[in-house]
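Novice: Quick one: the structure is below, questions incoming.
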Amino acid sequence: MKNVYFGFQRQLHRRTLLRGAGISMALPWLTAMRSAFAGTEESTAPRRFVAMTLGLGLVGDNLNPTTAGRDYEPSLYLKPLQDLRDRFTVISGSSHPDVTGGHRAEASILTANPVGSSGKAKNSISLDQYMAKHLGDATRFSSLVLSSSGSNSPCYTENGSMIPAQSSPSRLFTQLFVDDSPKEQIRQAERVREGRSIMDLVGEDAKRLSKQLGHGDKDRLDAYFTSVRDLEQRMAASEAWARRPKPKVDVPKPVDIGNGNDFVGRQRLMSDMIRLALETDSTRFITYHLGGSGGVVPLAGVDEGYHSLSHHGKAEEKLEQLALVEAEIVASWGQFLRDLTVNGEQGSSVLDNTCVLLTSNLGNASNHDNRNMPVLLAGGHFKHGQHLAFDKKNNYPLPNLFVNLLQQVGLETDQFASSTGTVTGLETA
């Protein structure tokens, strides 16, 4: 998106739009968008979080440097990212305590809940949805849940339900930037009001019921009322957003990649859509799950299916081809980071205000090991440029990083899932 300069000083609303010829265009964050009155509007650039999760992991020997600290020698996968060295941190020797189950642990990537691996049948809220629950009302979309293919995602609601993912960049573009017809806007508003009236009816029934309940049940009912009120507030926000014009961007609607095996191509295209969603402040919390393609990724030197390569059994030829695929995945992640440095806001870049996590449930896809998860963290207000190397045999709790991330977006908490604190050695800039 093109930046716009104004030769005057006055306070602008964060969602100021340029209008003309029947269209509107959202502006990037501008200094003039600071609040004129403390406490009434945001006075700093918004904090954001993007998780990119891999279904087939990354070979640790190719990803993690052999030495710890800030003077590490870059690994095979990190050499193309050396211009970004001071913008990301490598974490090795970490995993989610008690999480096993191989591929089934995809459900645990962002929840750290050992669902499916220790007898639990119900998942807990994922990191991104925890952020969206508390902070997602500031934007049109509280969060975006995306995938490279299919509807599976590592994103779960508070009651443990998986949130289906959107895998079409073109449909996402329409969702973000193409206004609904006036008739559809009215229909959406009516659906919201109908939902709210239903909640009102349920609320009245519950109030009558409360007169017949004991103290413990009344407490549980009060918690229920609180959730009802929260839902009503979200419904009211949805109705308001349905009537507002969507931002317009000066890029054409993307064409979806039909080849399901073009794993990297799909990654790059969806990453472009994620960047636009962040730059237009359409949402601040995004998860993109890159599941494992079963076919041959169209890259020179690769002639075997990606899933088969990931289960290499230490076969040299498979490892060589797998390295070609995974190097491109990491390089594309690096390009996404570079793209986030182009546009500025409040004297910093979008990347400076966005924590970007790359990880997977599999530390070793070949033997379905969930220990030693690959972890790259970029952006946000951290002192990057280092390799935090923890014990590969006695892994460090990765949920500690989730506490860091929650604090980065502005949530005052010191606990998430099985965390024991924040990450040792990861300091705030």
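The values are calculated or read from the model by the stated rules, or taken from the named source; none is laboratory data. As the structure is a prediction and not an experimental result, all values here were calculated from the model. Methodologically, a virtual Cβ is constructed for each residue, glycine included, from the backbone with ideal geometry; neighbour enumeration extends over all protein chains shown.
Novice: For residues that are free of Cβ contacts under 8 Å to residues at least 12 places away in the same chain and of a type outside the set (D, E, K, R), scanning just the range 73-96, find the one that is surrounded by the most Cβ atoms within 10 Å (Cβ to Cβ).
Specialist: Ranking the candidates gives Pro74 first.
Novice: Within the range 327-360, track down each residue that is assigned to a helix (DSSP H, G or I), touching an Asp or Glu at 6+ places or on another chain (Cβ under 9 Å) and of a type in the set (Asp, Glu).
Specialist: Asp339, Asp352
Novice: Every residue in the range 80-108 that is over 22 Å from Gly380 (Cα atoms) and in a helix (DSSP H, G or I), please.
Specialist: Gly102, His103, Arg104, Ala105, Glu106, Ala107, Ser108
Novice: Have a look at Thr420, Thr413, Thr424 and point out the one that is farther than 24 Å from Gly160 by Cα, assigned to a loop (DSSP other than H, G, I, E, B) and either in contact (Cβ under 8 Å) with a residue 12 or more places away in the chain or not acidic (Asp, Glu) (or both).
Specialist: After ruling out the rest, the residue left standing is Thr424.
Novice: Something else now. What helices (runs of 4 or more DSSP H) completely inside the range 172-282 contain at least 1 residues that are surrounded by 16 or more Cβ atoms within 10 Å (Cβ to Cβ) and modelled with pLDDT of 70 or more?
Specialist: So the answer is 215-242, 263-279.
For every residue, the table says whether it meets (1) without any contact (Cβ under 8 Å) to a residue 40 or more places away in the chain; (2) over 25 Å from Asp352 (Cβ atoms).
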site: Thr53; (1), (2): no, no
site: Asn62; (1), (2): no, yes
site: Thr67; (1), (2): no, yes
site: Asp71; (1), (2): yes, no
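Novice: Run down Gly334, Gly363, Gly380 and say which single residue is of a type in the set (Gly, Ala, Ser) and either at pLDDT below 95 or more than 24 Å from Leu319 (Cβ to Cβ) (or both).
Specialist: Answer to the selection: Gly380.
Novice: Here's something else I'd like to know. Does Leu401 satisfy the condition of being surrounded by 15 or more Cβ atoms within 10 Å (Cβ to Cβ), touching a residue at least 12 places away in the same chain (Cβ under 8 Å), under 20 Å from Lys133 (Cβ atoms) and assigned by TED's automatic domain parsing to the domain that holds Asn64?
Specialist: The answer is yes for Leu401.
Novice: Among the listed residues Gly313, Gly305, Gly260, Gly301, which satisfies the condition of being assigned by TED's automatic domain parsing to the domain that holds Asn64, in contact with a helix residue (DSSP H, G or I) (Cβ under 9 Å, 6 or more places away or on another chain), free of Cβ contacts under 8 Å to residues at least 60 places away in the same chain and closer than 24 Å to Glu106 by Cα?
Specialist: None of the other options fit; the residue is Gly313.
Novice: Turning to a different aspect of this structure: Being of a type outside the set (S, T, N, Q), surrounded by fewer than 21 Cβ atoms within 10 Å (Cβ to Cβ) and under 29 Å from Glu320 (Cβ atoms) is the filter here; which residues of the range 41-70 pass it?
Specialist: Result: Gly60, Asp61, Pro65, Ala68.
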